[in-house]
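Note sheet for the following structure.
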Amino acid sequence: MKIYKKILGIAAFGLMPFASHAQLGAAKETFTRADSLRGNLTPLRTCYDINYYHLDVKFDIDNKFISGSNLFKFTATQDFTKLQFDLFSNLKVERVVYKGKDLPFTREFNAVFVTFPQTIKNGSKDEFTVFYSGNPTIAKRAPWDGGVEYNVDSLGHKWVSTACQGMGASVWWPNKDHQADEVDSALISISVPNGLKDVSNGRLREVTKLKDGYTKFDWFVGSPINNYDIEANIGDYAHYSETYQGEAGKLTLDFWPLSYNLAKAKKHWGDNVKPMLKAFEHWFGPYPFYKDGYKLVETHHLGMEHQSGVAYGNKYQNGYLGRDLSGTGWGLKWDFIVVHESGHEWFGNNITSKDLGDMWIHESFTNYSESLFVEDRFGKQAGLEYTHGNRMGIVNDRPILGPYNVNKEGSGDMYPKGGVMLNTIRTIINDDEKWRSILRGLNKTFYHQTVTYDDVVGYINKESGKDLSPVFDQYLKHTVLPILEFTTMKGQLMCRWISDVRKFNMPVKVRVKGGEYQFITPTPRFTPVNIQGANKDNIEVDLFNYYIGVLND
Ligand SMILES: [Zn+2]
């Protein structure tokens, strides 16, 4: 998700003074031991590769209390006797059970350290179960400030959801809470008071009436999944199904609106879901989770990209809660949450960043996916206008790339500025079929994998045959925009780039007023602009596709 924590006014970009590049180094942030325990991949976490979870939790909604267990099945990647898992410190670890016996454990902030009675040998498969209980953090403003949210629907039925991206799934269940290691499959058993239903990820396997006034819903996810995607949604839900004939065959679509919204859901989701799947399969390749199906479930919060169970709270209307974030009108022709959160099935869920600092891999591509959806439905010009319009949400406050190993995100500019950057990359590649094959290739090459900055940028460089690293680096690692400066020397028009990235050499489209655009490749040193008849009065830069500053002395 998370899309625009704040809706921003127009951040008009004028001419940046030269000095700002040097001055705008981010203030040094300080991080705590707790940040490192959460964000760093220490040997206590890399010593095991998680294979399977069986999360089994009962929701006592009246008391906002949960209790249950999680089975960890893992493969040792080295010899070890001690490992770390994660659970927020306000929840109680009751027991950690290994081969029928309790294991000793210690806790530090939200980390739990378990010691085994003998060495777990490299390559061996083993398992332990954590029993826990408590009152999990109540979401203050899900999904941004998440946890468990407790609401009632318009008819007074209890309505509960989880949303924990960023803060981490260990806010409500014990797991190895690091994005680099996705579990291969998971069984999610959620017990809820009789009369209510639970909707979680993947496919519903079994519903069991328990003796104590509760009903247990077993959901199985057969594909690798991020911890923060694992969800419980409890309410008075209706259910209907459809199918979609897609690139990889028949895809099941399952819909879980609140019972009184069934008719509204059928109409509105009907207008949005299949066009979205058509556009995204065209641009990104097959939906990545045919095995688990595609699903939408209504939530009180606005939305979250919960894998094979997308959370939807946009109130069955177009736009972003009825607004158009691009200001162009194109954003009012479709449901922002259906499109954006489903876009994450490719970028975020299929391809996941190893470190939260690289959340741009999720959000920049998904922001950009919105404009490709617009392009698929309304034409290329419409998509470009949408991307251009999103510039009004950019603030240029700090780098989009966050610090590594401390579980921190970069600037919210990862949405609109990231989308604008990807359109610039497409403009430079200047071959739409190649660009589409790169986007599809990313999803195929890194299918169900976790990736780094270098993986993504390296792949695009290799496939495009261009070194685009300076462009990615300038837009992701720095705040200020590159400036294209023109000057005239001895009657010759010259230009150069002013930027933070040394050797910045982004090809840029310019033209003599009224003529055709042509690429030039300026460098940080003044070089002649070799376009016939160009001078400082008639040179025009493609500022529609390039988000840069221009100085014309
Ligand atoms: Zn998002």
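3J(HN,Hα) along region 412-426: x, 5, 4, 7, x, 6, x, x, 4, 4, 5, 5, 5, 4, 4 Hz, from the Karplus curve 6.51 cos²θ - 1.76 cosθ + 1.60 with θ = phi - 60°, whole Hz, x for Gly and Pro.
Local charge for L210 was computed over the other residues whose Cβ lies under 15 Å away, with Lys and Arg +1 and Asp and Glu -1, and equals -1. Can you tell me how region 310-452 classifies by the Cα gyration tensor, rounded, prolate or oblate, using a/c under 1.5 as the rounded cut? Verdict is rounded for region 310-452. On the beta carbon distance between K291 and L543, with R0 = 56 Å, the FRET formula returns roughly 0.80.
Reducing region 493-553 and region 239-259 to their Cα centroids gives an inter-centroid distance of 49 Å.
Karplus-derived 3J(HN,Hα) values for region 191-207, using 6.51 cos²θ - 1.76 cosθ + 1.60 with θ = phi - 60°, are 9, 9, x, 3, x, 9, 10, 10, 10, 10, 7, x, 10, 6, 9, 7, 10 Hz; glycine and proline are entered as x.
For D35, neighbours were defined as the other residues whose beta-carbon sits under 11 Å from its Cβ, and their charges (Lys and Arg +1, Asp and Glu -1) total +2.
Given R0 = 35 Å, the distance between the Cβ atoms of D431 and T252 translates into a calculated FRET efficiency of 0.50. With both residues required to sit in the chain, DSSP beta bridges show an antiparallel share near 80%.
Cβ crowding within 10 Å ranks C495, C164, C47 as C47, C495, C164, fewest other Cβ atoms first. Taken over the Cα atoms of region 288-393, the convex hull encloses 105 Å³ per residue. Karplus-based coupling profile of region 394-401, in residue order and whole Hz: 7, 10, 6, 8, 7, x, 6, 6, with θ = phi - 60° in 6.51 cos²θ - 1.76 cosθ + 1.60 and x standing for Gly or Pro. Here Y368, Y244 are placed in order of increasing Cβ neighbour count within 10 Å, fewest first, which gives Y244, Y368. When a/c reaches 1.5 or more, the comparison of a/b and b/c decides; with that in mind, is region 260-342 rounded, prolate or oblate per its Cα gyration tensor? Oblate, because a/c is 1.5 or more while a/b does not exceed b/c. Determine, at each q value in 0.08 (inverse angstroms), the log₁₀ of I(q)/I(0) that the Debye formula gives when each Cα of the chain is one equal point scatterer. So the normalised log intensities are -0.56. With 0.36 nm allotted per residue and the present C-alpha distance subtracted, the Y52-L71 stretch has 6.1 nm of extension available.
Under 23 Å of direct C-alpha separation, and excluding same-chain neighbours fewer than eight residues apart, K490 reaches these lysines: K513, K536.
Here's how it looks for V112: its modeled amide H is under 5 Å from those of F85, D86, L87, which are all 5 or more places away or on a different chain.
Under 5 Å from the amide H of E231 lie the amide H atoms of N201, each residue being 5 or more positions distant or on a separate chain, with H modelled from the backbone and absent for Pro and chain starts.
Annotation: the residues R391, R525, R95, sorted from fewest to most other C-beta atoms within 10 Å of their own C-beta, follow the order R525, R95, R391. Taking amide H atoms as placed 1.01 Å from N in the peptide plane, the amide H of N552 lies under 5 Å from those of F486, each 5 or more residues away in sequence or on another chain. Seen from N122, the other residues with C-beta closer than 14 Å to its C-beta sum to a net charge of -1, counting Lys and Arg as +1 and Asp and Glu as -1.
Here region 128-188 and region 25-78 have alpha carbon centers that stand 12 Å from each other.
Each reported figure results from applying straightforward, stated rules to the coordinates on display, with no laboratory input. Since the structure is predicted, the reported quantities are computational estimates derived from the model, not experimental observations. Methodologically, a virtual Cβ is constructed for each residue, glycine included, from the backbone with ideal geometry; neighbour enumeration extends over all protein chains shown.
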